[in-house]
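> Attaching a single structure in structure tokens format; questions to follow.
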Amino acid sequence: MDGREIPGFYFDKEKKKYFKIQNPHTVPPPGSKYSLENVRKEQKKEKALKDEAARLSKCRKETVVRKYSRDFLTRASLDREIGCRRRSYYLQNVWPDACASGLQHRPQKVVERPEEASIRLFDRDPATKTLYAVYGENRIKRRRLNTPDGVPLPSVDLDLGDYGDAVPLNEYSFEPWDELARLTSPISSLNYLPASGALAATTYGSDRPPVVYLSDPDRDGPYVNQQFTPKSCTAIWGAASRPETFAHSDTVPATQTESLAVAASHSLLLFTRSPSGSWDSSTVLHSDADILAVDWLNPATIVLGCRDGKIRLYDTRSNGSSHILTHPYPVSRLRRADDLTRILCAGLQDSLFLYDIRFSRNKGNQHYSEQYFQSLNPEIRYSRKRRRLNRITSKGWSQPILSFQQSNPDDLELDMDVDPRLGLIAAAQDPSTSSAVVRVHNMWTGKTVKEFRHDGGKDKSAESRIRCLKFMEGNEFGDISLWATWNGGIARFGW
């Protein structure tokens, strides 16, 4: 009498006995408790009570009971995770607007346009202020900052102190350019790794295969480098070095001083450098579609953006990956926002969204519905450039938190950058469809707070495209300015 189910019998838990289930036409008047109809009703009630008990048990297990704690950091982290603590109106609205209002509309020229070719990409050493730039398609050059007495700054063992404040930025123009390398195809990315002084570049590839160029320009000099040619790779779309702020984290092994993530066609390559100076490469992930964008969320997590709109995470500790978000269009740029759970995604078809990986499911009754994505470009001139959604279903793409104004129908090279401390997003625009070539947005409200235009209005030339856009710190007091490729040279939007 353990209550197991026996065909044709019903176990009464109160009497702890089995009773035969009677057919309705054989039930004695006025009716039996164990007729087929009454037994089904009892079984339905028991199932409902069992489901309710399971639901309550699950709620009790998943409910976080907040206890009193004197640790302010623990309490603040818990408030942020469960959403109890909101940012103030001052931080979300006044602070980003005030920071953007001081940016000058007319840029300050850092480097004039070279005579032989325009500058496509650039990066800078934060310590020595040495500038690295891509001339034309495939040449990498270097220019040091000029001192007041006309002597270039040394490349190693330098202690600037307050020197960087006294030297104007246009002093770059008085120093010659040192050519470091000439690669065999157009360069797709340029990254300076400040922890070890290494310079990393990748190429798209053409009649020659794409390569990953790694060098130590200060120690080895020009044309001394190390090149890797990935197997079964048709193009390298970009690369991202682990930010310097992640270098002193306890989660990074002490034997690895530098890490570089490379988006090589359908694969993700990870280059790690040991303190001895040797580079080690490995293929850590394969994707069904081209990986077009890559960035670091934390010292051990890489976020990837694919041509089919999928956004994936890769963990360097466990070598595991997961598909977390789906963008409606091909992804061109990815950046971490103010938190490791929030990702800024720039894609084709005028799409610039802020996602949260904790809220990845789409809800059809929200503002960013399928009709919203279909009506992103209502103008007739965009009709031939319109693309279909990657997966036009109610659950195919992820639900964004915010949408920002963007003009980029079909250009994968337009850049974007984020400054979480200021709460600003700078995004390059397509000059053929927009009079503004750079828009600055409030990261927390989605409002456009600043626009930068060329003097001639819409300019469709290749030099007007902003392929490189960076927020850079000027000195130890936290002076931050916006640098961009401008009319074939480099310009600075400062306060």
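> Please go through the residue pairs K450/K470; K447/K470; K17/K50 and name each one whose alpha carbons sit more than 18 Å apart in this structure.
The answer is K447/K470; K17/K50.
> Quick one: net charge around G221, please, counting Lys, Arg +1 and Asp, Glu -1 for every other residue with C-beta under 12 Å from its C-beta.
-3
> A further question follows. Net charge near W279: determine it from the other residues with C-beta under 9 Å of the C-beta of W279, scoring Lys and Arg +1 and Asp and Glu -1.
Net charge around W279: -1.
> Could you order the peptides 100-109, 203-212 from most to least packed, using the average number of other C-beta atoms within 10 Å per residue?
203-212, 100-109
> Then there is this: For I21, what charge total do you get from the other residues with a beta carbon under 12 Å from its beta carbon, if Lys and Arg give +1 and Asp and Glu give -1?
That sum, taken over residues with Cβ under 12 Å, equals -1.
> State the Cα centre-to-centre distance between the range 282-299 and the range 179-201 in whole Å.
When both Cα centres are located, 19 Å separates them.
Any read-out appearing in this document is the output of simple, stated calculations on the displayed coordinates, not a laboratory observation. The model shown is predicted, which means the values in this text are computed figures rather than measured ones. Cβ atoms come from the backbone with ideal geometry, glycine included; neighbour counts cover every protein chain shown.
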